[in-house]
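The values are calculated or read from the model by the stated rules, or taken from the named source; none is laboratory data. All values reported here derive from a predicted model rather than from experimental measurement. With ideal geometry, Cβ positions are generated from the backbone for all residues, glycine too; neighbour counts draw on all protein chains shown.
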Amino acid sequence: MKYPIGIQTFNRIRENGYVYVDKTALIHQLVSRGSIYFLSRPRRFGKSLMISTLEAYYKGRKELFEGLAIAGLEKDWFQYPVFHIDFNGDNFAKEGVLEAAIEGYLGNWEDMYGKNPNYTTPGTRFIELLRRASEKTGRRAVVLVDEYDKPILDVLDTPLEEENRNTLKAFYSTFKGADKYLQFVMLTGVTKFSQVSVFSGFNQPKDISMDPRYEALCGITGEEMEHYFHEPISELAEKDECTYEEMKERLRAQYDGYHFSENMLDIYNPFSILNAFDSLQIRDYWFASGTPTYLVRLLQHSNEQINELVGQYYDASLFADYKADVERPLPMIYQSGYLTIKDYDKYTHSYLLDFPNDEVRRGFLSLLASDYFKIHGVSVSSWLISSIRLLNAGKTDAFRDSFTAFLSGIPYDSHDSTKTPELTEKHFQYTFYLILRLIGVYCLRIEQTQSRGRVDCILETPQYIYIFEFKLDGSADEALRQIEEKGYARPYLADKRKTVCTGVVFSSQTRTISEWKEVR
């Protein structure tokens, strides 16, 4: 089986025998029901392949669709003039790059359809091109814009942001005046910027980002996994010496978990799953393919912390629509794929947001931890691997010493944590949140609610159940007494694993562990 790693061109996939997950029934439904669309999906989620598929369809490439669902649905294979704009390739962090990219597209199209010297601005030139193409071919034009928002994301929270935004706004406003020349328009991107920023003056596209009918337009569903990839799943299971069902569960935990509507249809990350099948190794492919530094900048700018954003219910207006405001990082984090819908409450019409899977949780938190702790000469990932091995073996003394040394390496003024008692406690809580979420490769419950109280942390490994109670400038005996009085260990009395109750005290003076006691 040939996997199209790094290949986003539909005709190349079809002509060279790469595996293709058939999305053409949805493509046909899309083009039959509307004409101007916008779709938001995380990066490397198949948006470019979808745009390429639409381009082949509108160019009448019937031969490429033989054997696919659309072959039995489409009767008329007309050829339309297609204007394909792809902002994937350039780095727009330098002044003038966006203008040059637009000028390059306009110049190439004017070579094909002619140029009218009376029109000199990018917007008016584009309208004239659409008119000329429509008249020359006898059919209205198709406009496909891939990653329309990259010129803004590249310069987010920098002096160039407003300039690039205004350039795009002027260019996209073309579509309103060119409506009679347009057959179909599709824009894709990671984020949806509001009408007042980019889409002002533009005939508003239908946003299908959370439309249940199109939630599987990009990505791979569980049903598609079974249909197309039974063989590589079996190969991975054989290699890792586990059953087929066990391997399916491992792949699900690592790469599945994206939801794009209230229907909660599970969607796998296509980039990661194809890489895993191609290399026969389960690794963090998607996160390693690009560092979301702009998200870290947003969190720093807004003074938000990820523990205050995850595991909460939100109205869709608070995360699905994005107003370009660096004070509100939640929409960007969601639309970039680092959080996803995990539950829908139909009574309040609200959505629970959390990390989609292990790959994203581990990668994003590692990035945040590296930035937050700023420990020079210490690899957070290496320390975590060592910590997991120690906890799995029950070597809590060694883990305590390692943990204390790790905390001691955090700069004294990390994130203004020493200015007030409130900030000190918040820093303490966030520090333990990041570390424990990162360590939690096994079952981890933070602030787990029980009948008589809320446990700070429960970490389960194959051999041990660790129950942690944390105190700031308190005593370990006080923490252990709370575990005992509240009966935090009672739910595990019948469990065959060993239970370890641990009281940990964090000192506001030394910014590290001052006391650690445990009861086994």
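Here is a yes/no grid of residues against (1) under 29 Å from the mean Cα position of the chain (by Cα); (2) farther than 30 Å from Val155 by Cβ; (3) small (Gly, Ala, Ser):
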| site | (1), (2), (3) |
| --- | --- |
| His28 | yes, yes, no |
| Leu39 | yes, no, no |
| Arg43 | yes, no, no |
| Ala56 | yes, yes, yes |
| Trp77 | no, yes, no |
| Gly107 | no, no, yes |
| Tyr113 | no, yes, no |
| Asn118 | no, yes, no |
**Study point:** Identity of the residue in the range 11-39, farther than 23 Å from Glu223 by Cβ, touching a helix residue (DSSP H, G or I) at 6+ places or on another chain (Cβ under 8 Å) and at pLDDT below 95, that ends up surrounded by the most Cβ atoms within 10 Å (Cβ to Cβ)
**Key:** Tyr37
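Every residue, every condition in (1) over 30 Å from Val155 (Cβ atoms); (2) in a helix (DSSP H, G or I); (3) in contact with a Gly (Cβ under 7 Å, 6 or more places away or on another chain); (4) at pLDDT 95 or above, yes or no:
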| position | (1), (2), (3), (4) |
| --- | --- |
| Thr188 | no, no, no, no |
| Gly201 | no, no, no, no |
| Cys218 | no, no, yes, yes |
| Glu231 | yes, yes, no, yes |
| Lys248 | yes, yes, no, yes |
| Gln254 | yes, yes, no, no |
| Met264 | yes, no, no, no |
| Asp278 | yes, yes, no, yes |
Revision key, fill the gap. The condition of being at negative phi, surrounded by 15 or more Cβ atoms within 10 Å (Cβ to Cβ) and touching a residue at least 60 places away in the same chain (Cβ under 8 Å) holds, among Tyr492, Tyr466, only for Tyr466
Review point. Quick one: which of Gly453, Gly503, Gly487 is assigned by TED's automatic domain parsing to the domain that holds Phe399, among the small types (Gly, Ala, Ser), modelled with pLDDT of 85 or more and surrounded by fewer than 20 Cβ atoms within 10 Å (Cβ to Cβ)?
Key: Gly487
Check your understanding: Checking Ala93 against (1) aliphatic (A, V, I, L, M); (2) surrounded by fewer than 19 Cβ atoms within 10 Å (Cβ to Cβ); (3) part of a helix (DSSP H, G or I), which single condition isn't satisfied?
Key -> (3)
**Study point:** Pairs with Cβ under 7 Å, 6+ apart, first in the range 239-254 and surrounded by 13 or more Cβ atoms within 10 Å (Cβ to Cβ), second part of a helix (DSSP H, G or I) and at pLDDT below 95
**Key:** Ala253/Asp358; Gln254/Asp358; Gln254/Glu359
Practice item. Assess whether Ala56 counts as being surrounded by fewer than 16 Cβ atoms within 10 Å (Cβ to Cβ), touching a residue at least 24 places away in the same chain (Cβ under 8 Å), outside any strand (DSSP E or B) and of a type in the set (Gly, Ala, Ser). Key: no
Study note, to complete from the structure: Flagged pairs (Cβ under 6 angstrom, 6 or more apart or on separate chains; first in the range 85-105, farther than 17 Å from Asn166 by Cα; second part of a loop (DSSP other than H, G, I, E, B)) are Asn88/Glu147
Check your understanding: If the Cβ limit is 7 Å and pairs must be 6+ apart or interchain, which residue in the range 391-407 that is under 13 Å from Trp516 (Cα atoms) pairs with which residue that is small (Gly, Ala, Ser) and assigned to a helix (DSSP H, G or I)?
Key -> Phe399/Ser387; Ser402/Ser386; Ser402/Ser387
Revision key, fill the gap. In the range 364-393, residues that are surrounded by fewer than 17 Cβ atoms within 10 Å (Cβ to Cβ) and either at pLDDT 75 or above or not aliphatic (A, V, I, L, M) (or both) total 13
Point to revise | Top-ranked residue in the range 458-507 [being among the hydroxyl-bearing types (Ser, Thr, Tyr) and touching a Ser or Thr at 6+ places or on another chain (Cβ under 9 Å); ranked as farthest from Phe403 (Cα to Cα)] | key: Tyr492
Check your understanding: List, please: which pairs have Cβ atoms under 6 Å, are six or more places apart or on different chains, and start with a residue in the range 469-485 that is more than 16 Å from Gln509 (Cβ to Cβ) and end with one that is among the hydroxyl-bearing types (Ser, Thr, Tyr)?
Key -> none
**Study point:** Residue check, Gly67 surrounded by fewer than 20 Cβ atoms within 10 Å (Cβ to Cβ), out of contact with any His (no Cβ under 6 Å at 6 or more places or on another chain), in a loop (DSSP other than H, G, I, E, B) and modelled with pLDDT of 95 or more
**Key:** yes
Check your understanding: From the residues in the range 1-18 that are in contact (Cβ under 8 Å) with a residue 40 or more places away in the chain and in a helix (DSSP H, G or I), which one is nearest to Pro270 (Cα to Cα)?
Key -> Phe10
Check your understanding: Of all the residues that make up the range 147-172, how many are outside any helix (DSSP H, G or I) and either of a type in the set (S, T, N, Q) or surrounded by fewer than 19 Cβ atoms within 10 Å (Cβ to Cβ) (or both)?
Key -> 3
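Within the group Gly219, Gly290, which residue is surrounded by 21 or more Cβ atoms within 10 Å (Cβ to Cβ) and among the small types (Gly, Ala, Ser)?
Testing whether each residue is surrounded by 21 or more Cβ atoms within 10 Å (Cβ to Cβ) and among the small types (Gly, Ala, Ser) leaves just Gly219.
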